[in-house]
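The values are calculated or read from the model by the stated rules, or taken from the named source; none is laboratory data. Since the model is a prediction, treat every value here as computed from it, not as a measurement. In case anyone asks, the SASA skips ligands and DNA or RNA and just uses the protein heavy atoms, side chains included. Shrake-Rupley method; radii C 1.70, N 1.55, O 1.52, S 1.80 Å.
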Amino acid sequence: MLSFSSLSSGPVGVFDSGYGGLTILAKIRELMPHNDYIYLGDNARTPYGTRSFEVVYEFTLQAVRKLFELGCPLVILACNTASAKALRSIQQNDLPYLDPTRRVLGVIRPTVESIGALTATRHVGVLATPGTILSESYPLEIHKLFPDVQVTGMPCPMWVPLVENNEFASEGADYFVRKYIDGLLSQDPEIDTLILGCTHYPLLLDKIRRFTPSHIRLVAQGEYVARSLKDYLSRHTEMNSRCTRNGHCEFLTTESVSKFRESASVFLHEQIQVRSITLE
(Lines give C-alpha, C1' and ligand atoms only; values in the text may rest on other atoms or scores of the structure.)
Protein backbone atom coordinates (compact mmCIF):
# COMPACT_ATOMS: atom_id res chain seq x y z
CA MET A 1 0.00 0.00 0.00
CA LEU A 2 1.34 3.43 -0.94
CA SER A 3 1.70 5.96 1.83
CA PHE A 4 1.32 9.00 -0.44
CA SER A 5 -0.82 9.98 -3.40
CA SER A 6 0.88 8.97 -6.63
CA LEU A 7 1.57 11.31 -9.54
CA SER A 8 1.30 14.45 -7.40
CA SER A 9 2.89 17.69 -8.55
CA GLY A 10 4.96 19.95 -6.36
CA PRO A 11 8.36 21.45 -5.64
CA VAL A 12 11.72 19.71 -5.96
CA GLY A 13 12.89 18.67 -2.48
CA VAL A 14 16.51 19.29 -1.49
CA PHE A 15 17.76 17.66 1.70
CA ASP A 16 20.95 18.01 3.73
CA SER A 17 21.88 17.17 7.29
CA GLY A 18 23.16 20.72 7.69
CA TYR A 19 23.80 23.85 5.66
CA GLY A 20 26.22 22.68 2.98
CA GLY A 21 23.39 21.55 0.72
CA LEU A 22 22.57 25.23 0.27
CA THR A 23 25.59 25.39 -2.09
CA ILE A 24 23.92 22.69 -4.22
CA LEU A 25 20.52 24.40 -4.06
CA ALA A 26 22.07 27.71 -5.14
CA LYS A 27 23.55 26.17 -8.30
CA ILE A 28 20.31 24.33 -9.11
CA ARG A 29 18.31 27.56 -8.73
CA GLU A 30 20.80 29.42 -10.95
CA LEU A 31 20.25 26.88 -13.71
CA MET A 32 16.49 26.36 -13.18
CA PRO A 33 15.18 29.52 -11.49
CA HIS A 34 11.53 29.01 -12.42
CA ASN A 35 11.11 25.74 -10.51
CA ASP A 36 9.75 25.56 -6.96
CA TYR A 37 11.99 24.15 -4.23
CA ILE A 38 11.79 23.05 -0.60
CA TYR A 39 15.08 22.89 1.27
CA LEU A 40 15.07 20.72 4.40
CA GLY A 41 18.00 20.87 6.80
CA ASP A 42 18.19 18.42 9.69
CA ASN A 43 20.25 20.99 11.53
CA ALA A 44 19.31 19.80 15.02
CA ARG A 45 21.00 16.43 14.36
CA THR A 46 23.93 17.49 12.20
CA PRO A 47 26.63 16.35 11.52
CA TYR A 48 25.83 13.03 9.87
CA GLY A 49 29.45 12.36 8.89
CA THR A 50 30.37 10.70 12.18
CA ARG A 51 27.16 8.67 12.55
CA SER A 52 26.64 5.00 11.69
CA PHE A 53 25.14 3.79 8.41
CA GLU A 54 22.00 2.70 10.26
CA VAL A 55 21.40 6.09 11.89
CA VAL A 56 22.11 8.05 8.70
CA TYR A 57 19.69 5.80 6.79
CA GLU A 58 16.98 6.23 9.44
CA PHE A 59 17.33 10.03 9.57
CA THR A 60 17.51 10.38 5.78
CA LEU A 61 14.42 8.23 5.27
CA GLN A 62 12.52 10.42 7.76
CA ALA A 63 13.48 13.49 5.72
CA VAL A 64 12.48 11.89 2.41
CA ARG A 65 9.10 10.90 3.85
CA LYS A 66 8.55 14.45 5.10
CA LEU A 67 9.36 15.95 1.69
CA PHE A 68 7.04 13.43 0.03
CA GLU A 69 4.28 14.43 2.48
CA LEU A 70 4.84 18.04 1.41
CA GLY A 71 4.21 17.07 -2.21
CA CYS A 72 7.70 16.74 -3.65
CA PRO A 73 7.75 14.29 -6.57
CA LEU A 74 11.56 14.37 -6.65
CA VAL A 75 14.05 14.66 -3.78
CA ILE A 76 17.77 15.45 -4.11
CA LEU A 77 19.98 14.26 -1.27
CA ALA A 78 22.33 17.28 -1.33
CA CYS A 79 24.51 15.59 1.27
CA ASN A 80 27.43 13.31 0.49
CA THR A 81 27.03 11.31 3.69
CA ALA A 82 23.33 10.66 3.05
CA SER A 83 24.08 9.86 -0.60
CA ALA A 84 26.82 7.46 0.46
CA LYS A 85 25.07 5.73 3.35
CA ALA A 86 21.33 5.88 2.60
CA LEU A 87 20.52 6.56 -1.08
CA ARG A 88 20.80 3.02 -2.44
CA SER A 89 18.73 1.48 0.36
CA ILE A 90 15.99 4.09 -0.03
CA GLN A 91 15.91 3.68 -3.82
CA GLN A 92 15.82 -0.13 -3.72
CA ASN A 93 13.95 -0.94 -0.51
CA ASP A 94 11.71 2.00 0.40
CA LEU A 95 10.58 3.75 -2.78
CA PRO A 96 8.59 0.73 -4.04
CA TYR A 97 6.44 0.95 -0.88
CA LEU A 98 6.41 4.73 -0.34
CA ASP A 99 5.59 5.64 -3.95
CA PRO A 100 7.26 4.04 -6.98
CA THR A 101 6.38 7.07 -9.13
CA ARG A 102 8.64 9.38 -7.10
CA ARG A 103 12.42 9.60 -7.27
CA VAL A 104 15.31 10.19 -4.86
CA LEU A 105 18.67 11.18 -6.36
CA GLY A 106 22.08 11.88 -4.81
CA VAL A 107 25.14 14.06 -5.42
CA ILE A 108 27.87 11.44 -5.82
CA ARG A 109 26.95 9.95 -9.19
CA PRO A 110 26.68 13.30 -11.06
CA THR A 111 30.09 14.30 -9.71
CA VAL A 112 31.65 10.97 -10.64
CA GLU A 113 30.28 11.07 -14.20
CA SER A 114 32.36 14.18 -14.91
CA ILE A 115 35.66 12.66 -13.83
CA GLY A 116 36.57 10.65 -16.93
CA ALA A 117 36.88 13.76 -19.08
CA LEU A 118 38.77 15.78 -16.47
CA THR A 119 41.75 13.64 -15.44
CA ALA A 120 44.73 13.13 -17.76
CA THR A 121 46.93 11.18 -15.33
CA ARG A 122 43.97 8.97 -14.26
CA HIS A 123 44.85 9.73 -10.63
CA VAL A 124 42.02 11.37 -8.68
CA GLY A 125 41.83 12.58 -5.09
CA VAL A 126 38.76 12.90 -2.88
CA LEU A 127 38.54 15.34 0.04
CA ALA A 128 35.48 14.57 2.14
CA THR A 129 34.10 13.90 5.62
CA PRO A 130 35.31 10.81 7.49
CA GLY A 131 31.93 9.14 6.91
CA THR A 132 32.04 9.61 3.14
CA ILE A 133 35.65 8.41 2.91
CA LEU A 134 34.88 5.37 5.09
CA SER A 135 31.93 4.43 2.87
CA GLU A 136 34.27 4.23 -0.17
CA SER A 137 31.36 5.50 -2.28
CA TYR A 138 33.55 7.62 -4.54
CA PRO A 139 36.08 4.92 -5.49
CA LEU A 140 33.27 2.39 -5.93
CA GLU A 141 31.27 4.69 -8.23
CA ILE A 142 34.34 5.91 -10.13
CA HIS A 143 35.54 2.36 -10.80
CA LYS A 144 32.13 1.39 -12.17
CA LEU A 145 32.49 4.02 -14.90
CA PHE A 146 36.27 4.39 -15.16
CA PRO A 147 38.05 1.21 -13.98
CA ASP A 148 41.47 2.63 -14.94
CA VAL A 149 41.26 5.62 -12.58
CA GLN A 150 43.18 5.38 -9.29
CA VAL A 151 41.33 7.05 -6.40
CA THR A 152 42.86 8.24 -3.13
CA GLY A 153 40.71 9.66 -0.35
CA MET A 154 41.52 11.97 2.56
CA PRO A 155 39.11 12.58 5.47
CA CYS A 156 38.92 16.24 6.49
CA PRO A 157 37.16 16.22 9.89
CA MET A 158 37.88 19.90 10.65
CA TRP A 159 36.56 21.49 7.46
CA VAL A 160 32.82 21.35 8.16
CA PRO A 161 33.19 22.84 11.68
CA LEU A 162 35.31 25.66 10.21
CA VAL A 163 32.56 26.50 7.73
CA GLU A 164 29.63 26.17 10.11
CA ASN A 165 31.36 28.34 12.71
CA ASN A 166 32.07 30.99 10.07
CA GLU A 167 35.83 30.50 10.41
CA PHE A 168 36.44 29.41 6.82
CA ALA A 169 38.09 32.73 5.86
CA SER A 170 40.24 32.96 9.00
CA GLU A 171 44.00 32.52 9.17
CA GLY A 172 43.40 29.66 11.60
CA ALA A 173 41.70 27.69 8.83
CA ASP A 174 44.89 27.78 6.72
CA TYR A 175 46.59 25.12 8.83
CA PHE A 176 43.80 22.56 8.46
CA VAL A 177 43.25 23.23 4.75
CA ARG A 178 46.95 22.81 3.96
CA LYS A 179 47.30 19.79 6.26
CA TYR A 180 44.72 17.62 4.48
CA ILE A 181 45.74 18.66 0.96
CA ASP A 182 49.43 18.00 1.68
CA GLY A 183 48.52 14.67 3.29
CA LEU A 184 46.54 13.58 0.24
CA LEU A 185 49.18 14.63 -2.30
CA SER A 186 51.92 12.92 -0.31
CA GLN A 187 49.97 9.67 -0.71
CA ASP A 188 49.68 10.14 -4.49
CA PRO A 189 51.72 12.92 -6.13
CA GLU A 190 50.25 12.02 -9.55
CA ILE A 191 46.77 13.33 -8.67
CA ASP A 192 45.63 15.91 -11.24
CA THR A 193 41.95 16.14 -10.25
CA LEU A 194 40.56 16.79 -6.78
CA ILE A 195 36.91 16.12 -5.91
CA LEU A 196 35.54 18.30 -3.12
CA GLY A 197 33.29 15.57 -1.76
CA CYS A 198 31.33 17.64 0.74
CA THR A 199 28.81 20.37 0.03
CA HIS A 200 30.39 22.70 2.60
CA TYR A 201 33.73 22.81 0.84
CA PRO A 202 32.93 25.45 -1.83
CA LEU A 203 33.13 28.03 0.96
CA LEU A 204 36.75 26.95 1.49
CA LEU A 205 37.46 27.05 -2.24
CA ASP A 206 39.74 30.12 -2.16
CA LYS A 207 41.95 28.56 0.50
CA ILE A 208 41.88 25.14 -1.18
CA ARG A 209 43.05 26.76 -4.44
CA ARG A 210 45.83 28.57 -2.59
CA PHE A 211 47.27 25.36 -1.15
CA THR A 212 46.71 23.14 -4.19
CA PRO A 213 49.26 23.08 -7.06
CA SER A 214 47.95 25.08 -10.01
CA HIS A 215 47.95 22.12 -12.42
CA ILE A 216 45.36 20.24 -10.30
CA ARG A 217 41.72 20.69 -11.28
CA LEU A 218 39.24 21.22 -8.44
CA VAL A 219 35.77 19.68 -8.83
CA ALA A 220 33.08 21.41 -6.74
CA GLN A 221 29.80 19.51 -6.88
CA GLY A 222 27.13 22.17 -7.29
CA GLU A 223 27.46 22.87 -11.00
CA TYR A 224 27.71 19.17 -11.89
CA VAL A 225 24.68 18.22 -9.79
CA ALA A 226 22.66 21.11 -11.25
CA ARG A 227 23.54 20.18 -14.84
CA SER A 228 22.82 16.52 -14.16
CA LEU A 229 19.40 17.35 -12.69
CA LYS A 230 18.49 19.53 -15.66
CA ASP A 231 19.53 16.73 -18.01
CA TYR A 232 17.58 14.18 -15.95
CA LEU A 233 14.39 16.24 -16.16
CA SER A 234 14.81 16.78 -19.90
CA ARG A 235 15.04 13.00 -20.37
CA HIS A 236 12.21 12.17 -17.93
CA THR A 237 9.41 14.39 -19.22
CA GLU A 238 6.79 12.75 -16.98
CA MET A 239 8.78 13.81 -13.89
CA ASN A 240 9.54 17.22 -15.35
CA SER A 241 5.82 17.88 -15.86
CA ARG A 242 5.20 17.16 -12.15
CA CYS A 243 7.69 19.81 -10.96
CA THR A 244 5.80 23.04 -10.33
CA ARG A 245 7.17 26.36 -11.58
CA ASN A 246 6.34 29.48 -9.62
CA GLY A 247 9.92 30.48 -8.76
CA HIS A 248 9.20 29.83 -5.07
CA CYS A 249 11.68 28.46 -2.51
CA GLU A 250 10.84 27.48 1.07
CA PHE A 251 13.27 26.51 3.81
CA LEU A 252 12.60 24.01 6.59
CA THR A 253 14.82 23.23 9.57
CA THR A 254 14.74 20.91 12.56
CA GLU A 255 16.58 23.66 14.49
CA SER A 256 15.20 27.03 15.53
CA VAL A 257 14.27 29.44 12.77
CA SER A 258 16.56 32.17 14.09
CA LYS A 259 19.54 29.78 14.29
CA PHE A 260 18.91 28.59 10.73
CA ARG A 261 18.69 32.15 9.39
CA GLU A 262 21.91 33.11 11.15
CA SER A 263 23.88 30.10 9.92
CA ALA A 264 22.34 30.04 6.45
CA SER A 265 23.43 33.63 5.91
CA VAL A 266 26.97 32.26 5.45
CA PHE A 267 25.71 30.40 2.36
CA LEU A 268 22.86 32.62 1.12
CA HIS A 269 22.59 36.33 0.38
CA GLU A 270 18.82 36.81 0.35
CA GLN A 271 15.85 37.09 2.68
CA ILE A 272 14.31 33.64 3.16
CA GLN A 273 11.13 32.07 4.51
CA VAL A 274 11.94 29.46 7.17
CA ARG A 275 9.76 27.04 9.11
CA SER A 276 10.77 24.79 11.99
CA ILE A 277 9.63 21.15 11.74
CA THR A 278 10.24 17.83 13.48
CA LEU A 279 11.31 14.58 11.86
CA GLU A 280 10.28 11.21 13.24
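Round to the nearest 10 and report in Å² the accessible area of D231, as given by a 1.4 Å probe over the protein chains' heavy atoms.
Counting only protein heavy atoms, the figure is 70 Å².
Over the alpha-carbon set of segment 86-241, work out the extent along each principal axis and list the three values in angstrom, largest first.
Projected onto the principal axes, the Cα atoms of segment 86-241 cover 48, 38, 27 Å.
Determine the shape class of segment 63-106: with a ≥ b ≥ c the square roots of the Cα gyration tensor eigenvalues, call it rounded for a/c under 1.5, and otherwise prolate if a/b is greater than b/c, oblate otherwise.
Oblate, because a/c is 1.5 or more while a/b does not exceed b/c.
To the nearest 10 square angstrom, what accessible area does F267 show with a 1.4 Å probe?
30 Å²
Mind checking the full-extension length gain between A120 and A169? Use 0.36 nm per residue of separation minus the Cα-Cα distance, one decimal, nm.
Length gained, A120 through A169: 14.5 nm.
Report the extension gain between D182 and Q91 in nm, rounded to one decimal, defined as 0.36 nm multiplied by the number of residues separating them, less their alpha carbon distance.
Residue separation times 0.36 nm, minus the Cα-Cα distance, leaves 29.1 nm.
Over segment 1-159, with a single point scatterer placed on each C-alpha, what log10 of the ratio I(q)/I(0) does the Debye formula yield at q = 0.11, 0.16 1/Å?
-0.45, -0.93
Quick one: grab the alpha carbon gyration tensor of segment 119-158, order the square roots of its eigenvalues as a ≥ b ≥ c, and give me rounded if a/c is under 1.5, else prolate or oblate depending on whether a/b is larger than b/c.
Working: a/c = 3.83, a/b = 1.69, b/c = 2.27.
It comes out oblate by the Cα gyration axes.
Take the chain, compute every pairwise Cα distance, and split them into 5 Å bins from 0; I just need the percent in each bin.
Calculated over all Cα pairs of the chain, the distribution is 1, 6, 13, 17, 19, 17, 13, 8, 4, 1, 0, 0 percent.
With every protein chain kept in place and ligands, DNA and RNA left out, what is the accessible area per residue of segment 157-271? Probe 1.4 Å, answer in Å². Don't skip to the end; give the middle numbers.
Working: 5860 Å² over 115 residues.
Per residue, segment 157-271 has an accessible area of 51 Å².
In whole percent, and with a 1.4 Å probe on the protein chains, what portion of the accessible area of the chain is carbon and sulfur?
Roughly 51 percent of what the probe reaches on the chain is carbon or sulfur.
Apply the a/c threshold of 1.5 to the C-alpha gyration tensor of segment 169-241 and tell me whether it is rounded, prolate or oblate.
Prolate shape, in that a/c is at least 1.5 and a/b is the bigger ratio.
If every alpha-carbon in segment 8-83 counts as one equal scatterer, what log10 I(q)/I(0) does Debye give at q = 0.24, 0.25 1/Å?
For segment 8-83, the Cα-only Debye profile gives -1.09, -1.15.
Assuming 0.36 nm per residue, please report the length gained on full extension of the stretch L70 to L31 beyond their Cα-Cα distance.
11.7 nm
Return the lysines within reach of K230: Cα separation strictly under 25 angstrom, same-chain partners fewer than 8 residues apart disregarded; answer none if there are no such residues.
Leaving aside lysines fewer than 8 places away in the same chain, those within reach of K230 are K27, K66, K85, K144.
Can you work out the base-10 log of I(q)/I(0) for segment 213-280 at q = 0.13, 0.19 1/Å, using the Debye formula on its C-alpha atoms alone?
-0.66, -0.99
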